[in-house]
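Coordinate-derived values only; no laboratory data. All of these numbers come straight from a predicted model, not from anything done at the bench. Neighbour counts are summed over all protein chains in view; Cβ atoms, including those assigned to glycine, are modelled from backbone coordinates with ideal geometry.
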Amino acid sequence: MAILPLRIRDLRYAPNGREVLAGIDLELGDEGITLVLGPNGAGKSVLLRTICGLVEPSSGVLAWGRDGGSRPQQGVMMVFQHPMMLRASVLQNVVLGLKPLGVAAGERRRRGLAMLERVGLADRAGDSARQLSGGEQQRLALARAWLTRPRLLLLDEPTASLDPSASAAVERIIREIRTDGTRILMVTHNLGQATRLGDDIVFMAGGRVCEHTPVRAFFARPRSDEARLFIQGELPWRMRL
Amino acid sequence: MSAFAATFSDALALLTTFDHNVAAIVALSLQVSGAAVVLGTLIGLPLGACIAVGRFPGKSTLSVLINGMMGLPSVVVGVVVYLFLSRSGPFGGLGMLYSPAAMVAAQTLLVVPLMAAITRQVVDDVWQRYAEELQVMRFSWWDSVTTLLHDCRHSLLVAVLAGLGRAMSEVGAVMIVGGNIDGATRVMTTAIALETSKGDLALAIALGVVLILIILALNALAFGLRHWAMRRFG
């Protein structure tokens, strides 16, 4: 069953009465890279966690696929800002996501080595994953997610703590994943990265989507005051609407 | 003072001449405690990990109970196992009382809560960091348990060592269910207690030295292994 497009209607999340998501309406099509921008506390990461099922929304609808089905059991993956690295080799870490899919051990190894080749980590296959640099760990996390062939990949600030060179390597892999047919929704604070990677921008503030527009239009003519102030670097922290 | 020195001299002689009696007692101690720790590892580690990962009603109560049972008096465990294995008890027909098997059962009951409690704590700390990613990857509850146990394997050496220390050093339970029968169920701790009461301090000291050396050697091994693992796997 096709899980895209994803239609999100009036999604709300308010733990202990504090509204983190205040009625999100959003539609994600079949392909492309959508960047989620917004100030700290805008609800960007919570939106991603809600989409992949880690956070149970207070109300609202996530309608998957053309028939608007419920959350799929497979096909959605998420890569975190600080990815988990098991105390095991790079190869054992990259194939981790294949275990629940029932892929046999020999096949896991074959696919894992091929994937490490694609992300430039083949020569580190036998090393401890925890001994990789931050950039290499993030590439490994992307490879781990990519190996499961997700239809939708959620990325939560994957380059937040990386230097420009490591960020560029991660961006290259993200483009390859997209070319491979995976839909990507990615949170970032890096406006330059947004222009390099994104097809469209979802701008959030105060738990709401202020605008959802193509990248060029967003930077040339932001429709909302919040987005204009954000681009100018003047949006107050945790702005309330 | 000369009697004191003579006792140590005799103890040293027993050790350096590889006294048959001492060797037999040490061998049985290692067999009984080793078997109890193997069983305790097979039961306690998964139990602790299941409690850490599981979400079920009464989880907090069970955690408190397991923690509380870490300090279970060994004589109480001895009495309980005795009641179960005595002729009129539910397992009396097995004829296990006053046998090494009964001692293994008693020591296993002593080490399981200790190993489970330590494992629960170690795994819980890691689970807090890994939970979201394993959930995203659709790991089942059991796959999460086995993955975490494997990931914490070096830290869990502490749990195994703690269990071994508890098993090897306890005297009450094995005295009650084993009976301290010479050549059959006499282990280091019960022999030390007996020989001390009889005034044969040389044998008691010799066994005490062996007991301490074994525990020190195992701890050194675990320390070295953990140190290597931290360098190898981070």
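Within the set B:Ala102, B:Ala52, the sole residue that is out of contact with any Cys (no Cβ under 7 Å at 6 or more places or on another chain), under 17 Å from B:Gly178 (Cα atoms), aliphatic (A, V, I, L, M) and buried (at least 21 other Cβ atoms within 10 Å of the Cβ) turns out to be B:Ala102. Go through region B:134-160 and give me each residue that's without any contact (Cβ under 8 Å) to a residue 60 or more places away in the chain, touching a Pro at 6+ places or on another chain (Cβ under 7 Å) and either surrounded by 23 or more Cβ atoms within 10 Å (Cβ to Cβ) or aliphatic (A, V, I, L, M) (or both). B:Met137 - this is the single residue of region B:134-160 that is without any contact (Cβ under 8 Å) to a residue 60 or more places away in the chain, touching a Pro at 6+ places or on another chain (Cβ under 7 Å) and either surrounded by 23 or more Cβ atoms within 10 Å (Cβ to Cβ) or aliphatic (A, V, I, L, M) (or both). Counting only residues that are assigned to a helix (DSSP H, G or I) and more than 22 Å from the chain's Cα centre (by Cα), region A:115-129 holds 4 of them.
Of the strands (runs of 3 or more DSSP E) entirely within region A:1-98, those holding at least 1 residues that are touching a Leu at 6+ places or on another chain (Cβ under 6 Å) and within 11 Å of chain B (Cβ to nearest Cβ) occupy A:76-79. Annotation: of all residues in region A:185-214 being among the β-branched types (Val, Ile, Thr) and under 19 Å from A:Gly43 (Cβ atoms), the one that is surrounded by the fewest Cβ atoms within 10 Å (Cβ to Cβ) is A:Thr213.
The requirement of being over 30 Å from B:Ala3 (Cα atoms) and within 14 Å of another protein chain (Cβ to nearest Cβ) is fulfilled somewhere in region B:215-226, by at least one residue.
Quick check on my filter: what residues within region A:5-14 are within 22 Å of A:Gln74 (Cβ to Cβ) and surrounded by fewer than 19 Cβ atoms within 10 Å (Cβ to Cβ)? Within region A:5-14, A:Pro5, A:Arg7 qualify.
Matching residues to (1) in contact (Cβ under 8 Å) with a residue 24 or more places away in the chain; (2) surrounded by fewer than 16 Cβ atoms within 10 Å (Cβ to Cβ); (3) farther than 22 Å from B:Phe139 by Cβ:
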| residue | (1), (2), (3) |
| --- | --- |
| A:Asn16 | no, yes, yes |
| A:Val20 | yes, no, yes |
| A:Ile24 | yes, no, yes |
| A:Leu35 | yes, no, yes |
| A:Ala42 | yes, no, yes |
| A:Leu48 | yes, no, no |
| A:Cys52 | yes, no, no |
| A:Ser70 | no, yes, no |
| A:Val103 | no, no, no |
